[in-house]
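A short write-up of the structure that comes next.
The values are calculated or read from the model by the stated rules, or taken from the named source; none is laboratory data. Computed from a predicted structure; not experimentally measured. Every residue, glycine as well, gets a Cβ built from its backbone with ideal geometry; the counts of neighbours run over all protein chains shown.
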Amino acid sequence: MKICKIGIFGFTNTGKSTLFNCLTKKKSSIESFENNTTRDYISSEVKYQNDYQYVFFDTPGLTYSKNQFFSKKELDNYLENIFSKVDVFIFLVDASREVYFEEELFWKRLIKQKKPLFLIINKIDIKDNFKLSYYKFKFNECVEISASNNRNIHEIFQKLKKYATLEDLNTIKNTISFGLFGKINSGKSTFLNNFLSEKRSFTSSNPKTTINPLYAEYVFKDYLFKIWDTPGIIKKSKIDSKIDYVTSLLSEKLLKNIDFILYFVAFPELICKEDKKFLYKLEDLAIPKILIINKYDLKDTNFSEKNFLITLKKSYPNLFFYKIIFWTSFFSKDEQITKVKTLKDNLSDLLISLKKEVNKEINPEALKDFFLYIGKNNFLTKKTKNKLKILFVCQKKNSNKIIINIRINDKKLLTKNYQKFLKKKFIASFDLKNLPVLLNFFENKI
């Protein structure tokens, strides 16, 4: 497989996120007319013609004035980090206006990196455009496009082929994915930066700094770990913009594609109403979760870990966490390196062992006998005239939970309490305590 990593650069509102979504055929990057909608780089892999794999990086928009989120030094360091990760630069410009002086300065900065440069001229569908004024730039390739109309996008893929290099992608076969979830300002992005030992995500004390789910990866013991840092959970009544709405949707979508969840709560508030609601939702979806008690340095002097764990179990008896970790990101430099490495190794080992556990296969005959017993001994109340019949049952192989598909005669007979009862009895019968179990019911009337 030939690989090419491509960074998309450009000033705000030139259409970088629209182009990124066109190239990846995903709605991974939020598009908006607001400046600085993209605040961290977002990456996505695309396979092309079976022999090529492109990794596109959408980067924060450059600005002509002072950036409201990042200092010049922060942005420079951030860009240098992205420069080192990619093989090819795409510089996107807006044909609807003249060349800006700042664009010429940034172009010179890209040339100094001595990597292939693509000039992509966007919005060429506008009648009176200034596309010819951009041809004074020195470039390796040039493509005129309209990202909003998906025009000439295929030319970019074609021209990238000669810059791809051969790499072996079969060295790592096992993957584990996990997401960082939690309320706004619970410290997820700071944790991610410390965990990876790099400035992957912009952090600030301002709420909603992270608005796009961010992807990162690392290798540990022949496993490829894929991490997603998600925007903070927003209460529905507090969603006050299109960006907030799309942010919530992207985070919800991620729940279907990850193996485990690291859920963050922070001192001094700890678990609040929004946390409780979201955690019970995860319980219903049977997604394995680890609780991170963050900002431990802000704990009260009278705080007791033992008492907290007892109270947590009493207050939320139906919530289960595979592990509860007390954490703070504020250490001395020497201490931080040691502490982060220990946490990373221990957490990675834990996720590997959990991955093996949740792949447990149940004996098909034992599974069939259990549900035959359930079918013969109808546990529904006598008020129910019709009897619930279990017609077919099988285990669905899944990477992060034990899923049992059950076909029944009438879903109306299946109350929520009865589903909970069945799940509890099933877990006890097959000794699956503390493992994520999901019973899926399908109706097949006879």
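Assorted remarks:
Listed here are the residues, each with its yes/no results for (1) in a loop (DSSP other than H, G, I, E, B); (2) in contact with an Asp or Glu (Cβ under 8 Å, 6 or more places away or on another chain); (3) at pLDDT 90 or above.
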site	(1), (2), (3)
ILE292	no, no, yes
LYS313	no, no, no
TYR322	yes, no, no
PHE330	yes, yes, no
LEU343	no, no, yes
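- Check on SER17, in a helix (DSSP H, G or I), modelled with pLDDT under 90 and crowded, with 20+ Cβ neighbours inside 10 Å: yes
- Residue count, the stretch 282-314 (criterion: more than 23 Å from LEU347 (Cβ to Cβ) and either touching a residue at least 40 places away in the same chain (Cβ under 8 Å) or under 20 Å from the mean Cα position of the chain (by Cα) (or both)): 1
- Test for SER353: is it under 30 Å from PHE195 (Cβ atoms), modelled with pLDDT of 80 or more, under 33 Å from the mean Cα position of the chain (by Cα) and exposed (fewer than 15 other Cβ atoms within 10 Å of the Cβ): yes
- Residue selected from the stretch 108-140 under the condition of a type in the set (Phe, Trp, Tyr) and within 21 Å of CYS4 (Cα to Cα), by the criterion surrounded by the most Cβ atoms within 10 Å (Cβ to Cβ): PHE118
- Members of the stretch 394-411 that are modelled with pLDDT under 85, outside any loop (DSSP other than H, G, I, E, B) and among the charged types (D, E, K, R): LYS396, LYS411
- Answer from LYS339, LYS333 - the residue that is over 30 Å from LEU438 (Cα atoms), out of contact with any strand residue (DSSP E or B) (no Cβ under 8 Å at 6 or more places or on another chain) and surrounded by 16 or more Cβ atoms within 10 Å (Cβ to Cβ): LYS339
- Of the criteria (1) aromatic (Phe, Trp, Tyr); (2) crowded, with 19+ Cβ neighbours inside 10 Å; (3) closer than 22 Å to ILE3 by Cα, which one PHE178 fails: (3)
- Test: SER177 is touching a Gly at 6+ places or on another chain (Cβ under 8 Å) and modelled with pLDDT of 85 or more: no
- Listed by position, the helices (runs of 4 or more DSSP H) inside the stretch 59-165 whose residues that are farther than 24 Å from LEU214 by Cα and at pLDDT 90 or above number at least 3 are 101-112, 153-160.
- Residues that are modelled with pLDDT of 85 or more, of a type in the set (A, V, I, L, M, F, W, C) and surrounded by fewer than 12 Cβ atoms within 10 Å (Cβ to Cβ), drawn from the stretch 356-380: ALA366
- Hey, ASN318 farther than 30 Å from LEU224 by Cβ and modelled with pLDDT under 85 or not: yes
- Residue that is nearest to the chain's Cα centre (by Cα) [pool: residues in the stretch 332-341 that are modelled with pLDDT of 85 or more and of a type outside the set (Val, Ile, Thr)]: LYS341
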